[in-house]
Amino acid sequence: MTKPIVAVVGRPNVGKSTLFNKITGKKISIVKDKPGVTRDRIYCDAEWCGKQFTMIDTGGIELKSQDEMWRHIKKQAEIAVETADVILFMCDVKGGLTASDVEVASMLRKSKKPIVLAVNKLDNYDESALFEYYELGLGVPVGISCEQGKGIGDLLDEVCSHFDSVVQEEDDSAVKIAIVGKPNAGKSSLTNKLLGFDRTIVSNISGTTRDAIDTPFTHNGQKFILIDTAGIRKKKSVHEDVEYYSVVRALASIRRADVCLVVVDSQEGLTEQDVKILGYVHEQGKPSIVVMNKWDAIEKDTFTIEKFRNKLDNDLAFMDYYKAVYVSAKTGQRTEKILDLALEVLNNSKQRITTGTLNDLIGDAVRTTDPPTKNGKRLRIYYTVQDGVCPPTFIVFVNNQELMHFSYKRFLENTIRNAFDFSGTPIRLFIRERNEDEQ
């Protein structure tokens, strides 16, 4: 299921960033008592009562200001409205209902999107102060105090009540493959080659694909959904407002995908931005394939492929499970292997190991390599279980978590990888403490 997007909008200094931080539990947005601090959108995943969504914090809107910065912020807020599934409109009870609030409300109503009205700084919770906000025509205002944490639960209940009407269930039998990468790496060309027809606009001008585009198809009896996304630039390279939200959608596509194809321009080689994109895929626990595109344009000798592999090994040491394929979307060279590889890494991500087999494996590893000691105490590993898949997740129960050195944890992870094929997928290893009498 696609996560709904909730955009927080309102005039400056009403507490949007404070609310964003309260809901997401992360101090990502800069909170200062100065209007205009949040100029670009900041986004983060959040969850309330089992419902997951992506929250976007936007800059404060000053519709009548002629200042260039304020015009820029206004444009970004308009794009937030277009992009969001639910709009959370914030006002400030201490400042009272302003003409700017009325104008922003008028703009929001034209979107035809679900709107939840929050009135912040209601510290003494005097509900009579909310009456004037009914004039906005946005329904019942929800009084909150971000500083004191009052009313936020009721606000989230109201926001989440709109999700069922804006989010559609996806076909669970179809494998969702997100094609991501930098602009002009050949993502759309690869999509067209895999589909066998020109479905996206392809040009040599980077940034042609502005949003994620889903295309269902069937290959060898298996249903797929290809998600072609906008190129993910460095933050300092994102100048156009609409492009910023294309990046938001691209990253959201990674989160809802089953497998990610990270397309790299072989002519440029693996760049810092490519590594950052792969890092995001890794953090999300997604099986992936590094697609080295434009391989036909590379001048080759006996050592070419070895040089590329050494570069990948070095730069992707944090995900040494990576699986790479060298293709040309232009000529079709080796592109026929990609879907089979995608299914292979997805199946690896779904792999389960029986508890007995897993504990025999870990037991043998402990006997050959002693666990670490600290201050005369030795780490004892009681047992290990697999807790989940996609990605494969394991829990190791020990006598003392502090005795588990990161190098030994890595040793245990490599032990599991060496015994079972988890290529192309991350695995998660968590350490839990348990008393000996709890065995």
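Descriptive notes on the structure:
- Among the trypsin sites (Lys or Arg not before Pro) within the stretch 111-153, those in coil by DSSP and having at most 13 neighbouring Cβ atoms inside 10 Å are Lys112.
- Note on Glu103 and Asp154: with the Förster distance fixed at 30 Å, the Cβ-Cβ geometry gives a FRET efficiency of about 0.65.
- Solvent exposure of the stretch 300-439 as accessible area per residue, Å², 1.4 Å probe: 56
- Share of carbon and sulfur in the accessible area of the stretch 265-386 stands at 46%, probe radius 1.4 Å.
- Cross-link table Lys176/Lys337; Lys193/Lys311; Lys16/Lys276; Lys112/Lys150, entries beyond 19 Å C-alpha to C-alpha: Lys193/Lys311; Lys16/Lys276; Lys112/Lys150
The values are calculated or read from the model by the stated rules, or taken from the named source; none is laboratory data. As the structure is a prediction and not an experimental result, all values here were calculated from the model. All Cβ positions, glycine included, derive from the backbone under ideal geometry; neighbour counts span all protein chains shown. Surface accessibility is based on the protein's heavy atoms, side chains included, excluding ligands, DNA and RNA. Shrake-Rupley method; radii C 1.70, N 1.55, O 1.52, S 1.80 Å.
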